[in-house]
């Protein structure tokens, strides 16, 4: 299934920061801003772990996550999407190395600890208007 279409990829590529939401084993939510991220494929997102603690702990007990990405277009309109899926964490391998390179190219002093790969199973509009909340895929 291709949850992240080419058009959607172009749209969300304009977002500078995304928010990653997780839940711990007691059901307490946690949301963190993610500065280093990208679309890996038609159904996967990469988010780089630099400072995550609670987030990683939460993913280990409950891999279900939500990500919100948004930006303002050239007319000043807010465009946003929510992605839901399952996360896994990698601390070695090709995808982790890709994340390290992404971070080091921009901020050489930072030390990435892991790659959070989210297998997206649904996408929703969070743009203001009549389609807010509508499932897109």
**Study point:** For 51, 83, order by how many other beta-carbon atoms lie within 10 Å, fewest first
**Key:** 51, 83
**Study point:** the chain, relative contact order [Cα under 8 Å, separation at least 6], %
**Key:** 26
Point to revise | Using a Förster distance of 30 Å, the FRET efficiency for residue 121-residue 56 (Cβ separation, nearest 0.05) | key: 0.90
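Within a 10 angstrom radius of the beta carbon, how do 40, 46 rank from fewest other beta carbons to most?
40, 46
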Study note, to complete from the structure: Per-residue ellipticity at 222 nm attributable to helices in the chain (runs of n ≥ 4 DSSP H, -39500 (n - 2.57) apiece, nearest 500 deg cm²/dmol) works out to -6000 deg cm²/dmol
**Study point:** Semi-axis lengths, Å, the chain, gyration tensor of Cα atoms, sqrt of 5 times eigenvalues
**Key:** 24, 18, 14
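Mind sorting 34, 79 by how few other Cβ atoms lie within 10 Å of their own Cβ, fewest first?
Ascending Cβ contact count within 10 Å gives the list 79, 34.
Computed from the coordinates by the stated procedures, all read-outs in this text should not be read as laboratory data. Quantities reported herein were computed from a predicted structural model and do not represent experimental measurements. Cβ atoms come from the backbone with ideal geometry, glycine included; neighbour counts cover every protein chain shown.
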